[in-house]
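Accompanying notes for the structure given below.
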Amino acid sequence: MESTTMKVWNTKLVLLVIALFFAPFQAISAEKLNVLTWEGYVEPDEVAAVNKILKDKGYNYEINVISPWAEGPEQMFKLLRAGKADISFLTLNYIQMQRGKTAALLQPINTNSPRLTNYKHLDPAMLNVPMGTENGKTLYLPFGGGAYGLWANMKKVSEGEVPKSLNGLLDPKWKGKVSLTKGQVQPNVAIASMMAGKSAFYLNEVSRSEMQAESQKGDIEGKLKALYGQVSYFWGGSPEFRDDLLIVASYGIGAAAENRAGGDWKLIKFKEGNTVWMDTINFHKNLKGKKLEAAEIFANYFISDAVQTRLVNNLGMVSASLKHQSASDKGFFVKDMFWPPYKKEVDNLMLLMSKKAMEGK
């Protein structure tokens, strides 16, 4: 008769044999591929779709959208530096801000990768913009973008009344009917710079002595003060398309949402042009091997028809794919109109100029 000890050992042996037999058939837990993104850019059903593609192709990785959402350049830099994000959705001018500290955390995109099959459809004007490159290698894939533009309420403004030039905003009929952002003064100064007959980012392009000379001369500051004098409401987090306003500044997403709710706001295409922004997809420098391949599959899906259609229809952005740009979108992106990584001294000057203009209202 077997002893109790022998029975226990026999049971353990049987369990061990069973475990060894079934081990090859047990699913290995997938490794997380962490994504840092702006709210609304990556939807749950899209995560599920990419995860299915990865699984079907034999990649043992799963997309994980991390918290919190992207908020700005410094916050995104800190998360990337801490290794918490494998894939990011950086705004283009963030990449080289503060002497390229974020660029140092990214790796070049292999645009010839067989996994980036949708790359060939991207708008050439959005590719290889210098501020998104390092040593001649591009650090991003375009995702989509828009303008910090001024939108006219076409329920109250006729086509003939819409100003053709930025200086037309100073017409008395617009006084108290305009709304701009108070949080990011840089695009406001860019408008004032073009109103003064200079390039949008003139202050960032000239030498320190020329910048100081312009500051003393006051041409741009004078236009900024006049522009602010037309404004009745400066919005904070997002624009408000109120009934008492005829022209509202928006990054595009807010205006699109208002139009979906029944509004009729139209981007004013000034002869001077509009400054534009682009959000991009980036890979952390530590990604390699199969994990990098999985990241490329994710990126390819987000420049595909499925996502780019939603980007246009639901977010009101301009697609990075030529396939999803309307006739009016063609030529929307101009390389020298992309917001630049401003120099610190220029940023300080613009903040000071805006403060003085605001005090003069």
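Table: residues versus (1) closer than 16 Å to Trp174 by Cα; (2) of a type in the set (Val, Ile, Thr); (3) surrounded by 15 or more Cβ atoms within 10 Å (Cβ to Cβ).
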{"site": "Glu210", "(1), (2), (3)": "no, no, no"}
{"site": "Tyr228", "(1), (2), (3)": "yes, no, yes"}
{"site": "Trp235", "(1), (2), (3)": "no, no, yes"}
{"site": "Ser238", "(1), (2), (3)": "no, no, no"}
{"site": "Asp243", "(1), (2), (3)": "yes, no, no"}
{"site": "Leu246", "(1), (2), (3)": "yes, no, yes"}
{"site": "Ser250", "(1), (2), (3)": "no, no, yes"}
{"site": "Glu258", "(1), (2), (3)": "no, no, yes"}
{"site": "Gly262", "(1), (2), (3)": "no, no, no"}
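For the stretch 302-339, filtered to residues that are outside any loop (DSSP other than H, G, I, E, B) and among the small types (Gly, Ala, Ser), the residue that is surrounded by the fewest Cβ atoms within 10 Å (Cβ to Cβ) is Ala327. For the stretch 35-57, the set of residues classified as in a helix (DSSP H, G or I) and under 20 Å from Leu80 (Cα atoms) is empty. Only one entry in Val65, Val50 is in the same structural domain as Met317 (by TED's automatic domain parsing), modelled with pLDDT of 95 or more and under 17 Å from the mean Cα position of the chain (by Cα), namely Val65. Would a scan of the stretch 80-94 turn up a residue that is surrounded by fewer than 19 Cβ atoms within 10 Å (Cβ to Cβ), among the polar types (S, T, N, Q) and outside any strand (DSSP E or B)? Among the residues of the stretch 80-94, not one is surrounded by fewer than 19 Cβ atoms within 10 Å (Cβ to Cβ), among the polar types (S, T, N, Q) and outside any strand (DSSP E or B), which makes the answer no. Taking the stretch 149-239 as the region of interest, the helices (runs of 4 or more DSSP H) fully inside it that hold 3 or more residues being of a type in the set (D, E, K, R) and modelled with pLDDT of 95 or more are 219-228.
Within the set Lys173, Lys266, Lys223, the sole residue that is of a type outside the set (S, T, N, Q), outside the structural domain of Asp123 (by TED's automatic domain parsing) and buried (at least 20 other Cβ atoms within 10 Å of the Cβ) turns out to be Lys223. Scanning the stretch 297-348 for residues that are at pLDDT below 95 and among the hydroxyl-bearing types (Ser, Thr, Tyr) yields a count of 3. A Cβ distance below 6 Å, combined with a sequence gap of six or more or placement on separate chains, defines the contacts here; from the stretch 273-291, residues that are more than 14 Å from Tyr94 (Cβ to Cβ) reach residues that are among the charged types (D, E, K, R) in the pairs His284/Asp86; Leu287/Asp86. None of Ser193, Ser209, Ser238 is without any contact (Cβ under 8 Å) to a residue 60 or more places away in the chain, within 18 Å of Met317 (Cα to Cα) and either over 19 Å from the mean Cα position of the chain (by Cα) or assigned by TED's automatic domain parsing to the domain that holds Lys156 (or both) except Ser238. Checked against (1) within 19 Å of Ile87 (Cβ to Cβ); (2) free of Cβ contacts under 8 Å to residues at least 40 places away in the same chain; (3) small (Gly, Ala, Ser), Ala295 passes all but condition (2).
The values are calculated or read from the model by the stated rules, or taken from the named source; none is laboratory data. These numbers come from a predicted model, not from an experiment. All Cβ positions, even for glycine, are placed from backbone atoms using ideal geometry, and neighbour counts span all protein chains on display.
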